[in-house]
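These notes concern the structure reproduced below.
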Amino acid sequence: MKDLNMFCYQCQETAGCSGCTVKGVCGKTPEVARMQDLLVYVTKGLSEVTTKLRAEGKIISKEVNHLITLNLFTTITNANFDFDVFVDRVNKTLDVKKEMIEQLNSKENLGEAAMWDERELSVMEEKAKKVGVLATEDEDVRSLRELTIYGLKGLSAYSKHANMLYHDSEEVDAFLQEALYKTTQDLSVDELIELVLATGGAGVKGMALLDGANTDTFGNPEITEVNIGVRNNPAILISGHDLSDLKALLEQTKGTGVDVYTHSEMLPANYYPEFKKYDNLVGNYGNAWWKQKEEFESFNGPILMTTNCIVPPKDSYKDRLYTTGSAGYPGCKHFPGEAGSTKDFSAIIEHAKKCPPPTQIEDGTLVGGFAHNQVISLADQIVEAVNTGAIKKFVVMAGCDGRHKSRDYYADFAKALPQDAVIMTAGCAKYRYNKLGLGDINGIPRVLDAGQCNDSYSLAVIAMKLQEVFGLEDINELPIVFNIAWYEQKAVIVLLSLLYLGVKNIHLGPTLPAFLSPNVVDVLVKNFGIAGIGTVEDDIELFFNN
């Protein structure tokens, strides 16, 4: 298997639910896949050095911490497809690692990843073939290492967004680097399971860090009706997760006659008080990320991708696709800029002025803004609805959307829910049911949208608050069902965080991750009650009639 052109199984749509070996289902080439493997490898080496420097009492700079988180973030599914970007990041990481090794008092016993330093492209490409997922031969060790690494990739996303808003956590950064280093060590299965759960604990802290960064900067999300129609002005569509990029774009488009619309995961930006100040923010255009080929085409104006999820663009709009941050695609203009810098979006604004207005594809409004602060303010109303039996159960249907026909399950499941059930969601999974008109219960909408996958922290906070309000010893005694859709690595860190918090009996679909070996699945089933999904009818029976 090590002679395969590539091997990647980090996302839910991986080929045959076993692994992409010819080309990524996401669209990445084998060359990009291998260079991503090499970037992760050299980042493990740098993380060994930073971990040992900390053990010697040395301080690691924010710049180095940010480099490591961005390295991991660029390898997340559908974030960056540009081979040259990965080569550059490998070289930059090697430069930083070389400098930091010189700061060590003891340079003995450094691992292979820490010592490796080659700059010839052909040598890099050969090394990349040897350090990927399959370099770990034991299936269970490989499974637990990759589960940790994918959780750390998700954690890196939270950290990077917080960093852009001048919020850092040395504790989270130090853990991420030490855990990444530990994936190179000869740990037992039991030690790796402990590392997986510890990664979930760091995930809770990382999500809290980002939640604080967002709310400190933009205010607490509020219940909001979001327009899904269009105006007759030229416009820019912004997608991804980075709210700091949206803020900069709105500032720079003020008074230009150019409107701004959110897409997919950027929809929840409309719920923040700070963004409501901008009359050039019109609303949300379109649906989940995987529909972008049609929706980007009909939008007519330029698109700014701030993070994942990029679908390889059609030629008809590729010249209108711009990237920034962790995102990238060959041939598309990229706006540089790290934390503390001001990005210049003038090029995309001037481009927008030359384009016709968006073609309307929907009209009406969506209601969202049910993050933890808003929901907790409604606690008395919710408790009364539960106590009177108006609300019998909450169903957490957070996570990701995707292309597979099997994901119709989530729309059908939402439609089949009893009328006394309320959905709590975060992430683009909501696009399967947030336009179904499921109504409300005593004024409480039956779909409570907390925001992005980045806002999954809100769902945990709400659950813990309800546990407190109802005076329950165990969070699993709450009338809450977890039926979560996953796609990529941010969903992995959310899952690990929930496990760390003690949540059990989570159902995960539409398929269980390919990177979970049968023995690891067995551990998750026995210790946490993890399960897949069945038919809508069987699952409704399981969740509501048992």
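List of remarks:
- The overall shape of the chain is oblate: from the C-alpha gyration tensor, with semi-axes ordered a ≥ b ≥ c, the ratio a/c is 1.5 or greater and a/b is no larger than b/c.
- Percentage of interatomic Cα-Cα distances in the range 15-217 larger than 29 Å: 21 percent
- Between Lys277 and Asn442, residue separation times 0.36 nm minus the direct Cα-Cα distance comes to 56.4 nm.
- Averaging the Cα positions of each part gives two centres, and for the range 421-477 and the range 335-374 these lie 26 Å apart.
- Tyr166-Glu350 FRET efficiency (beta carbon distance; Förster radius 30 Å; 0.05 resolution): 0.55
- Spacing of the two label points (7 Å from each Cα toward its C-beta) at Leu121 and Asn505, in nm: 5.6 nm
- Under 20 Å of direct C-alpha separation, and excluding same-chain neighbours fewer than eight residues apart, Lys354 reaches these aspartates and glutamates: Glu251, Asp259, Glu295, Glu297, Asp315, Asp319, Asp344.
- Nonlocal amide H pairs with Phe482, under 5 Å, H built at 1.01 Å: Val396, His507
- Semi-axis lengths, Å, the range 369-544, gyration tensor of Cα atoms, sqrt of 5 times eigenvalues: 24, 19, 15
- Each Cα pair under 8 Å and six or more residues apart adds its sequence gap; the mean of these over the residue count of the range 369-544 is a relative contact order of 24 percent.
- Label positions at Asp412 and Asp380, each projected 7 Å from the Cα along the C-beta direction, are separated by 4.3 nm.
- For the range 484-546 and the range 85-159, distance of Cα centres in Å: 30 Å
- Of the DSSP H helices in the chain, those whose Cα atoms cover at least 24 Å axially and whose Kyte score averages -0.5 or more: 30-55, 83-101, 139-164, 189-218
- Between Ala55 and Glu251, the C-beta separation translates, for a Förster distance of 35 Å, into a calculated FRET efficiency of about 0.20.
- Nonlocal Lys pairs with alpha-carbon distance under 16 Å, the range 224-353 (8 or more apart, or different chains): 14
- Qualifying trypsin sites (Lys or Arg not before Pro) in the range 19-123, DSSP loop, other Cβ atoms within 10 Å at most 12: Arg119
- Loop-resident sites, the range 97-148, for GluC sites (Glu not before Pro), counting at most 15 other Cβ within 10 Å (DSSP): Glu102, Glu108, Glu118, Glu120, Glu137
- Subset of Lys23/Lys490; Lys98/Lys129; Lys97/Lys127; Lys62/Lys130 violating a 19 Å alpha-carbon distance limit: Lys23/Lys490; Lys98/Lys129; Lys62/Lys130
- Computed over the Cα atoms of the range 171-298, the ratio of the radius of gyration to the Kirkwood radius (Rg/Rh) comes to 1.13.
- Put in order of Cβ neighbour count within 10 Å, fewest first, the listed residues His241, His334, His351, His372 become His334, His351, His372, His241.
- FRET efficiency estimate (nearest 0.05) - Cβ-Cβ, Glu338 to Ser298, R0 51 angstrom: 0.95
- Ranking of Asp380, Asp186, Asp211 by count of other Cβ atoms within 10 Å, fewest first: Asp186, Asp380, Asp211
- Hull volume per residue, based on the alpha-carbon atoms of the range 286-436 and their convex hull, is 154 Å³.
- Filtered GluC sites (Glu not before Pro), the range 450-546: DSSP coil and at most 12 other beta carbons within 10 Å: Glu473
- Helical contribution to [θ] at 222 nm, DSSP H n ≥ 4, -39,500 (n - 2.57), averaged over the chain, rounded to 500: -13500 deg cm²/dmol
- Multiplying the residue separation of Glu541 and Lys392 by 0.36 nm and removing their Cα-Cα distance gives an extension gain of 52.2 nm.
- Stretchable slack from Thr365 to Arg231, in nm (0.36 nm times residue separation minus alpha-carbon distance): 46.8 nm
- In this simple spin-label approximation, Leu110 and Lys405 carry label points 7 Å from Cα along the Cα→Cβ vector, and these lie 5.4 nm apart.
- For the range 316-326, putting each phi into the Karplus relation 6.51 cos²θ - 1.76 cosθ + 1.60 with θ = phi - 60° gives couplings of 5, 9, 4, 6, 9, 9, 10, 10, 7, x, 6 Hz, in residue order, rounded to whole numbers and with x for Gly and Pro.
- Among Ile223, Ile484, sorting on how many other beta-carbon atoms sit within 10 Å of each Cβ, with the fewest leading, yields Ile223, Ile484.
All of the numbers you see were taken from the coordinates with simple rules; none came from a lab. Just so it is clear, the structure is predicted and the values come from calculations on it, not from any experiment. Here Cβ is always computed from backbone atoms with ideal geometry, including for glycine, and neighbour counts include all displayed protein chains.
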